[in-house]
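Nothing in this text is a laboratory measurement; each read-out follows from the coordinates by a stated rule. Bear in mind the structure is a predicted one, so any value in this text is a computation, not a measurement. Positions of Cβ are backbone-derived with ideal geometry, glycine not excepted, and every protein chain shown enters the neighbour counts.
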Amino acid sequence: MARRAGAETYPARLRKSVHRVRSTLRRSGVDYFRGDGSDWIALAALLLVIPAITCGTLLNPVWCSPTALVLPIVAGGLVLRPASLLGLYAAAAAALIVESVRLGPFTDGAVGVTPGTVLTVAACGFFGLVLAQFRARVGVPWRRGGTMLFDLRERIRVQSALPRLPQGWHREMSLRPAGGQSFSGDFVVAARTNGGRTLEAVLTDVSGKGMDAGSRALLLSGAFGGLLGSLPPHGFLPAANGYLLRQDWDEGFATSIHLVLDLESGDYELLSAGHPPALQLHAGSGRWEEMAAEGPLLGVYDGAQFDAVKGSLAPGDVLMLFTDGLVETSERDMAEGIDRLTGEADRYVSTGFEGAAWHLIEACAKDVNDDRALLLLSRKS
C-alpha cells in the first residue's frame, strides 16, 4: 500500500506524463523520417514560427522584414506533405494580412508589405508545393529519399566488386558514368565458382545511360548476380536473355560479355551478346588480339544462341573487357577507338597494369557523354 501511494504522488505522475510525451514525440519523429507517420510535429513547429516572425516584424520591421515569412515556407516545402503545406500557407497569408494592416500602406515607409513581398512569398510557396507533391508521388520524405538513392548507388558498387584472385593474378575494374553522375548503365557481376578454381565475370551495358539506365542496371545486376554460378556457363546468357524478355521494357535490350576463366591453367571462354570484343595482350609477341564471340543482343528475341570463343592467358598476358562508351563515339568508330585503347595500354606493358584501368578511361574517353567501364585481368610473369 505504501509503495502504491508513493507511486501515485504528484512528482511520480508528472514523471510518467513527461516520459509518455517524450516517447510519443520520439516515435512520431522516427516514423516521419522513415515515411511511416504523420508530419504533425513539423507542422506544429512551423506554425509556431510564423507568429514569432510576425511579432518580430511588427516590433522591428527593419531587422525582421515581412519577407522573412519565406523561411518557414521553404522549410515546409522540404518536410511537409501537400495537405499540411496548404495549412501552413494559410497561416502565412494571414500573417501577411496582419502585417500589412499594422504596418500601414507600403507608400508610407520602406518597411511596409509591398507587392514584391507578396510575390516573393507566393513564389516560394508555389515551388515548395511542387516539391511536396513530387515527394508525395515518390512516397518517401525528403531525407529518406536521399538516403535511398545513396543506398541504391552503394548496392550497384558492391555488386560490381571483383572477388579476390589467387597469387599470380591481378584484377581491377573502373567505371565512369555519363555526365559525372552517380548512376550508370554499365555494371559487372563476378564470382568464383567450381570450388574457387573458376572466375566468372559478366560485364553488361544496359541501353540508355546515367540515371535513365541506373534503375534497370540495379535490377539486372541483382538478377544476373543470382544467375551467375547457379547455371552452367553456357546457360547464363540464354537465361539472362529470357529474363530481359519477360520484363517487357520499352527500351529493354542490353549487351553483355561473359568470361569463364580457369585460374589454374589460364584457359578461358568468352560468350558475347552483341558486346564489343575483348582484347588480349600476348606477352610473347607484344601484340593485341581481338577475341570476338558471336551472339545477339539480350532482350531482342527468344531462343537466341551464343557461341563461345576460347583462349588462354599465359604468364604476362593481359585481358581487357570494356563497354562501347570507351571505344566508340559519334566522331570515332569502334576500330579507331580500339586502336587508341591498345596504344594507350602499351605504355603499361613495361611497368605493369596495376592502376591502369582508371588511367585508360581517362586517356581514351575522358569527356565522352556515355557510360564507360573497363575490366582488366592480368597474369603475372
Requested in this report: Find out how many positive minus negative residues lie around SER378, taking Lys and Arg as positive, Asp and Glu as negative, among other residues whose Cβ is under 10 Å from that of SER378.
Outcome: 0
Query raised in the report: Hey, can you rank 350-361, 216-227, 300-311, 254-265 by average C-beta count inside 10 Å, highest first?
Result: 254-265, 216-227, 350-361, 300-311
**Report entry** Mean Cβ count within 10 Å, highest first, over the residues of peptides 97-104, 328-335, 290-297, 315-322
**Finding:** 315-322, 290-297, 97-104, 328-335
Query raised in the report: What net charge do the residues around GLY316 carry, taking every other residue with its C-beta under 9 Å from that of GLY316, with Lys and Arg at +1 and Asp and Glu at -1?
Result: +1
Report task. Calculate, for LYS366 and ILE97, the FRET efficiency according to 1/(1 + (r/R0)^6) with r their C-beta to C-beta distance and R0 51 Å; round to the nearest 0.05. Result -> 0.35
Query raised in the report: Assuming R0 = 51 Å, what is the FRET efficiency of GLU172 and LEU71, from their Cβ-Cβ distance, to the nearest 0.05?
Result: 0.55
Report summary line: Taking Lys and Arg as +1 and Asp and Glu as -1, residues besides CYS364 with C-beta under 9 Å from its C-beta add up to +1
